[in-house]
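Shown next, in structure tokens, is the structure this report addresses.
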Amino acid sequence: MTQREAVFQACADLDVRSSVATLLNAAERLYGGDITYQAAVSFRCEYRKLHGIKTDCRKNGKKGQWRRDMKNDHTASLKQVKRFNHYFKLKRPSITSFLNLMGSGSEMFHSVEQVINAVADLVELRKAA
């Protein structure tokens, strides 16, 4: 497998909106060696042209910009779901309890879509119980 093929495969697996660092890591695993940063950028650009993809996320603050590397919007950890369960059992939720619900660090909700999916998971768990 060539470097070009590895980057193309990584683009197909991760999507071209992934950060170059994430794309480079995946491509290097597929290639089995080192790929330069510039080569990954060039091959990703070539992949976009070849597949007619016209989106670009390099400018910050652009309205409607796609978030990079947010691949786990469709999942929520068990700790996040348990925090929702605790929050909904409170008789008088406060601002502090809401901040605790949102979490911190790696256990923080990073998008509204992830919050919605966590609530859906909680509903499914309550139905199963």
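Express the Stokes-Einstein translational diffusion coefficient of the stretch 3-51 in µm² s⁻¹, to the nearest whole number, given a Kirkwood radius over alpha-carbon pairs, 20 °C and a viscosity of 1.002 mPa s. It comes out at roughly 213 µm²/s.
About the centre of its Cα atoms, the stretch 78-128 shows a dipole size close to 360 debye [charges on the beta carbon of Lys, Arg (+1) and Asp, Glu (-1) only; nearest 20 debye].
Dipole magnitude for the stretch 1-47: computed about the Cα centre from +1 point charges on Lys and Arg Cβ and -1 point charges on Asp and Glu Cβ, it is near 80 debye. With all pairs of different C-alpha atoms in the average, the Kirkwood value for the hydrodynamic radius of the stretch 72-129 is 11.6 Å.
Residue by residue, the stretch 6-17 carries 3J(HN,Hα) couplings of 5, 5, 4, 5, 5, 5, 5, 6, 9, 5, 6, 7 Hz when phi is fed to the Karplus relation 6.51 cos²θ - 1.76 cosθ + 1.60 (θ = phi - 60°); x denotes Gly or Pro. At full extension, Lys91 and Val112 could sit 5.2 nm farther apart than now, given 0.36 nm per residue minus the alpha carbon distance. Annotation: extensible slack from Glu5 through Ala21 equals 4.0 nm (criterion: 0.36 nm per residue apart, minus Cα-Cα distance).
Readers should treat all values here as calculations from the given coordinates under stated rules, not as data from a laboratory. All figures in this text were calculated on a predicted structure; none of them were measured in a lab. When we count neighbours, we look across all protein chains shown, and the Cβ atoms used for this are built from the backbone with ideal geometry, even at glycine.
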